[in-house]
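The values are calculated or read from the model by the stated rules, or taken from the named source; none is laboratory data. Bear in mind the structure is a predicted one, so any value in this text is a computation, not a measurement. Cβ atoms come from the backbone with ideal geometry, glycine included; neighbour counts cover every protein chain shown.
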Amino acid sequence: MTNSGPESIDQAIKSGLDLDGSKIPQEMLDLYNQVMDIESKRQRSGVTKSMRNRVVRTGAKHYTQTQLNEMLTKAGWECLKNKEIDFFYG
């Protein structure tokens with residue numbers, strides 16, 4: 001099993017084994033599946049909003065606040081909100 005990219009996480013969850021090969025506790029799998037089931041039923045407001053949220057969540061791990069702000073603006077999205085700055089960079 002590869003351990004890079006989001007697909008690796010999905011594969012690990014499906015198999016019940018963490019990326020290091022250790023078993024994921026059933027209670028964790030049950031709670032994860034319960035929450036994801038509820039989330040899968042939530043009404044969506046738009047793809048671009050979800051895309052921006054993913055870019056911010058993941059981009060904050062890899063880019064400085066200034067870099068991410070510049071990239072968001074260049075792509076046509078609004079820059080980082082104060083609450084995002086506080087959460088991801090505070």
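Side notes on the structure shown:
- Filtered residue count, the range 76-90, keeping only those that are out of contact with any helix residue (DSSP H, G or I) (no Cβ under 8 Å at 6 or more places or on another chain) and either among the hydrophobic types (A, V, I, L, M, F, W, C) or more than 15 Å from residue 55 (Cβ to Cβ) (or both): 5
- Residue within the range 19-33 that is farther than 30 Å from residue 77 by Cβ, in contact (Cβ under 8 Å) with a residue 12 or more places away in the chain and touching a strand residue (DSSP E or B) at 6+ places or on another chain (Cβ under 8 Å) present: yes
- Close pairs (6 angstrom Cβ cut-off, 6 or more residues apart or separate chains): touching a residue at least 24 places away in the same chain (Cβ under 8 Å) in the range 55-68, not small (Gly, Ala, Ser) anywhere: 56/84; 60/88; 65/89
- Matching helices (runs of 4 or more DSSP H) fully within the range 4-66 where at least 1 residues are more than 23 Å from residue 88 (Cβ to Cβ): 6-15, 26-40
- Residue match in the range 31-44 (condition: touching a Leu at 6+ places or on another chain (Cβ under 9 Å), under 21 Å from residue 58 (Cβ atoms) and aliphatic (A, V, I, L, M)): no
- Members of the range 22-41 that are surrounded by 10 or more Cβ atoms within 10 Å (Cβ to Cβ) and either of a type in the set (A, V, I, L, M) or farther than 16 Å from residue 12 by Cβ (or both): 24, 28, 29, 31, 34, 35, 36
- Checked against the criterion of being within 15 Å of the chain's Cα centre (by Cα), at negative phi and either at pLDDT 95 or above or in a helix (DSSP H, G or I) (or both), the range 75-84 contains one or more residues that satisfy it.
Quick grid of which residues meet (1) aliphatic (A, V, I, L, M); (2) within 15 Å of the chain's Cα centre (by Cα); (3) closer than 30 Å to residue 70 by Cα:
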{"site": "9", "(1), (2), (3)": "yes, yes, yes"}
{"site": "12", "(1), (2), (3)": "yes, no, no"}
{"site": "16", "(1), (2), (3)": "no, no, no"}
{"site": "19", "(1), (2), (3)": "yes, no, no"}
{"site": "22", "(1), (2), (3)": "no, no, no"}
{"site": "30", "(1), (2), (3)": "no, no, no"}
{"site": "37", "(1), (2), (3)": "no, no, no"}
{"site": "41", "(1), (2), (3)": "no, no, no"}
{"site": "46", "(1), (2), (3)": "no, no, yes"}
